[in-house]
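Visitor: Here it is, the structure, as structure tokens.
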């Protein structure tokens, strides 16, 4: 899946003529790729646009601009792949496991619903549901006819995963799918997701605010801040050699697991700014210790921060020695 | 070791003459339509003056309910609280509501996960802090207003003068949390009860609040009980850590010992199933099954059904904390019987 210049602004105030006066710039001209077979982790704080990105990929909301291509075919538009066809290949699991299930439907029916709606006969669809229940660790004999309210949070999330897989998708978008679960249950679900990925040859887009979980499950990581991608690269590179000041701050803010090595100073101060009418230029500059005039004048793009190593991209003027940033330095891999 | 000896040698209070808070056999039951929910089942601990205790547990472990029992804010009528909570010489459970009101605020204060529900939306932050100071210390309003400004400065709220005039909804999540801390500390309590105050915050804001609480705790010399489900947060803030499960303390001791060298099988399982560091590519060592139903608790160890080390006696009852090291206690029958940890 390839995403080019995707944009979504939510207008919140209009004038008399219906022109937008101010808008939440949830996702602002982002471009990235999801490579077949990988797990792409998307991480960032509240308001960074990670969930809006997920909804745009699924076409749950229409983008204002930009093109999403799945397996060579453009999604949406007059000549593109329709949503119905898209859902055969791309499915999503949400954070709220209860709200995602129809409370008046036994869970086996919820799982069979997708295949039925795509024209599979009832018997075959129910057989798919039974097999999937087994694969997500719920005994079909005990659970097939239960309703969502009879299940725990972890069990409901297993059902949601089974339902997402019922159409044999190739890409599954997991939006904070383990965030509401207790740690002991979260670990069970993470193991399950890894098993299913192998078994069904899946590609994951895994969205989370939890830096530990992202590190555990991702092959590549994309860090977002206020609707922009600030850094993307292989998980080892991002965690061992973060380049963007925001990524560095984010990683340094993770609580220490060792009471003998506690955090002494907060890496950055203040709260993430409001995504309504964000500052021009680099959006992180209001909290960045390295901010300079150039950061206000020009928005750094992922290409400006030249690739450092294999596909490690950084949107920071400091990474581009021609930017004019006083702390700019040439990186070994540039040009 | 039985409970009598435990009281004489309670965790981390050996140096302090008398503990600030002494909780004995605390039990909380809720009557519901589905039956009696046994939320807390015999919690015992002492808290020294100036000590920070982190209570770590998953949902339904009884950690928040224990905190609310100490504060005396559980809904009356359908709740039964038994045992003893002794705070600085006062027995809180038998104290009339009016006297409790005199303690809550000046002596014991509480902060919550969601400041929006703890702050009054129709008054400015300044009015709320000043009102607390006027009510409890009897000073006049102008003195109280000046003090309120000092408190906002203390919790590092930028331009405090202007923020005093702000309503809670005009502030960001991190600022609201700071305002609530200022409100809670406005009478310099001896004990601060913190119920997951950083859980709803972003990670870069969370660390700022943790560092702020640590600094204020040292400055004011107050004791803190900090409830969290996050091992990292507990590790950042606690002197001592207690791990709760099924309404009981499973393990209690110095943070280093409990988190880095856990003794109890549940603590060990919790640490292993918490993703951290470079565990990528590994299979997570999970705890099988689900937490117990609090309306239908087993007689013995609540963790026995999920424990890889359980023996038949674990289900018989009589599970109590016993010493496994200096100020370190574990409620595991096998550790007690065999005198060793499984994970050394």
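The values are calculated or read from the model by the stated rules, or taken from the named source; none is laboratory data. None of the values given here were measured: they were computed from a predicted structure. For neighbour counting, all protein chains shown are included, and Cβ atoms are generated from backbone atoms with ideal geometry for every residue, glycine included.
Visitor: Any idea how many residues of region A:133-161 are closer than 17 Å to residue A:202 by Cα and either modelled with pLDDT of 95 or more or out of contact with any helix residue (DSSP H, G or I) (no Cβ under 6 Å at 6 or more places or on another chain) (or both)?
Guide: Residues flagged as closer than 17 Å to residue A:202 by Cα and either modelled with pLDDT of 95 or more or out of contact with any helix residue (DSSP H, G or I) (no Cβ under 6 Å at 6 or more places or on another chain) (or both) within region A:133-161 amount to 4.
Visitor: Restricting the search to region B:118-139, which residues are surrounded by 16 or more Cβ atoms within 10 Å (Cβ to Cβ) and closer than 16 Å to residue B:177 by Cβ?
Guide: B:118, B:119, B:125, B:128, B:129
Visitor: Separate question: Given the criteria within 7 Å of chain B (Cβ to nearest Cβ) and not in a loop (DSSP other than H, G, I, E, B), does residue A:260 qualify?
Guide: no
Visitor: Working only within region A:148-180, note down all residues that are out of contact with any strand residue (DSSP E or B) (no Cβ under 9 Å at 6 or more places or on another chain) and more than 9 Å from every other protein chain (Cβ to nearest Cβ).
Guide: A:148, A:149, A:150, A:151, A:156, A:158, A:159, A:162, A:168, A:180
Visitor: Might you let me know whether region A:207-216 holds any residue that is in contact with a strand residue (DSSP E or B) (Cβ under 7 Å, 6 or more places away or on another chain), at the interface with another protein chain (Cβ under 9 Å from one of its Cβ atoms), under 30 Å from residue A:277 (Cβ atoms) and assigned to a helix (DSSP H, G or I)?
Guide: yes
Visitor: Condition (residue is closer than 17 Å to residue A:41 by Cβ and either at the interface with chain B (Cβ under 9 Å from one of its Cβ atoms) or part of a loop (DSSP other than H, G, I, E, B) (or both)) applied to region A:225-237: is it met by at least one residue?
Guide: For region A:225-237, residues closer than 17 Å to residue A:41 by Cβ and either at the interface with chain B (Cβ under 9 Å from one of its Cβ atoms) or part of a loop (DSSP other than H, G, I, E, B) (or both): present.
Visitor: For region A:81-90, check the following and say yes or no: at least one residue is assigned by TED's automatic domain parsing to the domain that holds residue A:209 and under 16 Å from the mean Cα position of the chain (by Cα).
Guide: Within region A:81-90, one or more residues are assigned by TED's automatic domain parsing to the domain that holds residue A:209 and under 16 Å from the mean Cα position of the chain (by Cα).
Visitor: Next question, about the same structure. I'd like to check something: does region A:271-278 contain any residue that is closer than 21 Å to residue A:45 by Cα, surrounded by fewer than 17 Cβ atoms within 10 Å (Cβ to Cβ) and without any contact (Cβ under 8 Å) to a residue 60 or more places away in the chain?
Guide: no
Visitor: Would you confirm, using the coordinates I've provided, whether residue A:194 is in contact with a helix residue (DSSP H, G or I) (Cβ under 9 Å, 6 or more places away or on another chain), closer than 30 Å to residue B:244 by Cα and either touching a residue at least 60 places away in the same chain (Cβ under 8 Å) or within 12 Å of chain B (Cβ to nearest Cβ) (or both)?
Guide: yes
Visitor: Within region B:23-123, which strands (runs of 3 or more DSSP E) (wholly inside it) include 1 or more residues that are modelled with pLDDT under 95?
Guide: Answer list for region B:23-123: B:35-47, B:79-87, B:108-111.
Visitor: If you don't mind, there's one more thing I want to ask. Would you pick out the residues in region A:239-257 that are at the interface with chain B (Cβ under 7 Å from one of its Cβ atoms), surrounded by fewer than 20 Cβ atoms within 10 Å (Cβ to Cβ) and farther than 22 Å from residue B:239 by Cα?
Guide: Residues satisfying the conditions do not exist here.
Visitor: Of all residues in region B:268-324, which are away from chain A (no Cβ under 12 Å) and at positive phi?
Guide: B:317, B:318 - these are the residues of region B:268-324 that are away from chain A (no Cβ under 12 Å) and at positive phi.
Visitor: Of (1) in contact with a strand residue (DSSP E or B) (Cβ under 6 Å, 6 or more places away or on another chain); (2) buried (at least 16 other Cβ atoms within 10 Å of the Cβ); (3) over 17 Å from residue B:297 (Cα atoms), residue B:61 satisfies all except one. Which?
Guide: Of the numbered conditions (1) in contact with a strand residue (DSSP E or B) (Cβ under 6 Å, 6 or more places away or on another chain); (2) buried (at least 16 other Cβ atoms within 10 Å of the Cβ); (3) over 17 Å from residue B:297 (Cα atoms), the odd one out for residue B:61 is (3).
Visitor: Identify the single condition in (1) in contact (Cβ under 8 Å) with a residue 60 or more places away in the chain; (2) touching a helix residue (DSSP H, G or I) at 6+ places or on another chain (Cβ under 7 Å); (3) away from chain A (no Cβ under 14 Å) that residue B:58 does not satisfy, given that it satisfies every other one.
Guide: Among (1) in contact (Cβ under 8 Å) with a residue 60 or more places away in the chain; (2) touching a helix residue (DSSP H, G or I) at 6+ places or on another chain (Cβ under 7 Å); (3) away from chain A (no Cβ under 14 Å), the lone unmet condition for residue B:58 is (3).
Visitor: On to the next question. Here are A:159, A:130: which of them is within 10 Å of residue A:108 (Cα to Cα) and either under 28 Å from the mean Cα position of the chain (by Cα) or not assigned by TED's automatic domain parsing to the domain that holds residue A:206 (or both)?
Guide: Selected residue: A:159, the only one of A:159, A:130 that is within 10 Å of residue A:108 (Cα to Cα) and either under 28 Å from the mean Cα position of the chain (by Cα) or not assigned by TED's automatic domain parsing to the domain that holds residue A:206 (or both).
Visitor: Scanning region B:150-186 for residues that are farther than 23 Å from residue B:214 by Cβ and in a helix (DSSP H, G or I), which turns out nearest to the other protein chains (Cβ to nearest Cβ)?
Guide: Among them, the one singled out is B:170.
Visitor: Okay, moving on. Can you spot a residue in region A:86-94 that is closer than 30 Å to residue A:32 by Cα, free of Cβ contacts under 8 Å to residues at least 24 places away in the same chain and surrounded by 14 or more Cβ atoms within 10 Å (Cβ to Cβ)?
Guide: Looking for residues that are closer than 30 Å to residue A:32 by Cα, free of Cβ contacts under 8 Å to residues at least 24 places away in the same chain and surrounded by 14 or more Cβ atoms within 10 Å (Cβ to Cβ), one finds none in region A:86-94, hence no.
Visitor: With the structure loaded, tell me whether residue A:301 is more than 29 Å from residue B:200 (Cα to Cα), part of a loop (DSSP other than H, G, I, E, B) and either without any contact (Cβ under 8 Å) to a residue 24 or more places away in the chain or within 14 Å of chain B (Cβ to nearest Cβ) (or both) or whether it fails that test.
Guide: In short, yes.
Visitor: Collect the residues in region B:262-309 that are buried (at least 18 other Cβ atoms within 10 Å of the Cβ) and farther than 16 Å from residue A:183 by Cβ, keeping them in residue-number order.
Guide: Once the filter is applied, which keeps residues that are buried (at least 18 other Cβ atoms within 10 Å of the Cβ) and farther than 16 Å from residue A:183 by Cβ, region B:262-309 yields B:263, B:292, B:294, B:300, B:301, B:302, B:304, B:307.
Visitor: What residue, of A:211, A:226, is assigned by TED's automatic domain parsing to the domain that holds residue A:129 and on the phi > 0 side of the Ramachandran plot?
Guide: Exactly one of A:211, A:226 is assigned by TED's automatic domain parsing to the domain that holds residue A:129 and on the phi > 0 side of the Ramachandran plot, namely A:226.
Visitor: So which of A:153, A:119 ends up being surrounded by fewer than 19 Cβ atoms within 10 Å (Cβ to Cβ), in the same structural domain as residue A:186 (by TED's automatic domain parsing) and at positive phi?
Guide: A:119
Visitor: Restricting attention to region A:276-283, does a residue exist that is under 18 Å from the mean Cα position of the chain (by Cα) and in a loop (DSSP other than H, G, I, E, B)?
Guide: no
Visitor: Assuming residue B:233 fulfils every condition listed in (1) modelled with pLDDT of 95 or more; (2) over 18 Å from residue B:57 (Cβ atoms); (3) within 14 Å of chain A (Cβ to nearest Cβ) apart from one, which condition is it?
Guide: (2) is the only condition that residue B:233 fails.
Visitor: Limited to region B:304-322, what total is found for residues that are touching a residue at least 60 places away in the same chain (Cβ under 8 Å) and out of contact with any strand residue (DSSP E or B) (no Cβ under 6 Å at 6 or more places or on another chain)?
Guide: The qualifying residues number 3.
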